[in-house]
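**Student:** Just passing along the structure, written as C-alpha coordinates.
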Amino acid sequence: MYLIRYNLACYESQLGNLKSAMRGLEKAIDLAGEKDIRAIALDEPNLESLWTTSENCNSFLQSCLEPGED
(Lines give C-alpha, C1' and ligand atoms only; values in the text may rest on other atoms or scores of the structure.)
Protein backbone atom coordinates (compact mmCIF):
# COMPACT_ATOMS: atom_id res chain seq x y z
CA MET A 1 0.00 0.00 0.00
CA TYR A 2 2.90 2.38 0.69
CA LEU A 3 4.02 2.15 -2.92
CA ILE A 4 0.85 3.88 -4.14
CA ARG A 5 1.47 6.80 -1.77
CA TYR A 6 5.13 6.87 -2.76
CA ASN A 7 4.27 7.06 -6.46
CA LEU A 8 1.68 9.76 -5.84
CA ALA A 9 4.32 11.76 -3.97
CA CYS A 10 6.59 11.43 -7.01
CA TYR A 11 3.81 12.70 -9.29
CA GLU A 12 3.03 15.62 -6.99
CA SER A 13 6.69 16.55 -6.88
CA GLN A 14 6.94 16.49 -10.66
CA LEU A 15 3.87 18.73 -10.88
CA GLY A 16 5.43 21.21 -8.48
CA ASN A 17 3.02 20.48 -5.64
CA LEU A 18 5.80 20.17 -3.08
CA LYS A 19 3.75 20.39 0.11
CA SER A 20 1.43 17.68 -1.14
CA ALA A 21 4.42 15.62 -2.26
CA MET A 22 6.02 15.84 1.18
CA ARG A 23 2.77 14.88 2.91
CA GLY A 24 2.39 11.92 0.55
CA LEU A 25 5.95 10.82 1.13
CA GLU A 26 5.54 11.03 4.89
CA LYS A 27 2.38 8.90 4.62
CA ALA A 28 4.24 6.38 2.43
CA ILE A 29 6.99 6.14 5.04
CA ASP A 30 4.40 5.54 7.76
CA LEU A 31 2.65 2.87 5.67
CA ALA A 32 5.94 1.14 4.82
CA GLY A 33 6.29 0.14 8.47
CA GLU A 34 9.54 -1.67 9.06
CA LYS A 35 10.65 -1.27 5.45
CA ASP A 36 12.70 1.92 5.57
CA ILE A 37 12.17 3.76 2.29
CA ARG A 38 13.75 7.07 3.32
CA ALA A 39 17.10 6.33 1.66
CA ILE A 40 15.32 5.21 -1.50
CA ALA A 41 13.36 8.47 -1.53
CA LEU A 42 16.57 10.51 -1.33
CA ASP A 43 17.87 8.80 -4.49
CA GLU A 44 14.55 9.11 -6.36
CA PRO A 45 14.97 11.42 -9.39
CA ASN A 46 11.24 12.17 -9.40
CA LEU A 47 11.53 13.66 -5.91
CA GLU A 48 14.58 15.78 -6.70
CA SER A 49 12.63 19.06 -6.74
CA LEU A 50 11.44 18.23 -3.25
CA TRP A 51 15.00 18.03 -1.94
CA THR A 52 16.18 21.21 -3.62
CA THR A 53 13.29 23.50 -2.67
CA SER A 54 11.26 22.06 0.20
CA GLU A 55 11.21 23.65 3.64
CA ASN A 56 10.90 20.14 5.04
CA CYS A 57 14.07 18.83 3.44
CA ASN A 58 16.31 19.44 6.46
CA SER A 59 14.01 17.63 8.88
CA PHE A 60 13.59 14.75 6.43
CA LEU A 61 17.34 14.43 5.98
CA GLN A 62 17.82 14.57 9.75
CA SER A 63 15.36 11.70 10.19
CA CYS A 64 17.39 9.66 7.70
CA LEU A 65 20.52 10.17 9.76
CA GLU A 66 18.85 8.93 12.94
CA PRO A 67 18.05 5.24 12.37
CA GLY A 68 15.64 3.73 14.81
CA GLU A 69 14.17 7.05 15.88
CA ASP A 70 10.76 7.82 14.43
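The values are calculated or read from the model by the stated rules, or taken from the named source; none is laboratory data. Computed from a predicted structure; not experimentally measured. When we count neighbours, we look across all protein chains shown, and the Cβ atoms used for this are built from the backbone with ideal geometry, even at glycine. With ligands, DNA and RNA removed, areas are computed over all heavy atoms of the protein, side chains included. Shrake-Rupley method; radii C 1.70, N 1.55, O 1.52, S 1.80 Å.
**Student:** Under a Cβ-Cβ cut-off of 13 Å, what is the net charge of the residues other than residue 14 that fall near it, where Lys and Arg count +1 and Asp and Glu count -1?
**Tutor:** Here the charged neighbours net out to -3.
**Student:** Right, here's the next one. Provide the net charge surrounding residue 1, with neighbours chosen by a C-beta distance below 13 Å and charges set as Lys +1, Arg +1, Asp -1, Glu -1.
**Tutor:** Local net charge: +2.
**Student:** I've got another one for you. Within the stretch 5-47, which trypsin sites (Lys or Arg not before Pro) sit in a loop by DSSP and count at most 15 neighbouring Cβ atoms inside 10 Å?
**Tutor:** Taking the stretch 5-47 and a limit of 15 other Cβ atoms within 10 Å, the loop trypsin sites (Lys or Arg not before Pro) found are 35.
**Student:** Still on this structure, I have one more. With all protein chains present, how much of the accessible area of the stretch 1-41 (probe radius 1.4 Å) comes from carbon and sulfur, to the nearest whole percent?
**Tutor:** Looking at the stretch 1-41 in its full context, I get 54 percent from C and S.
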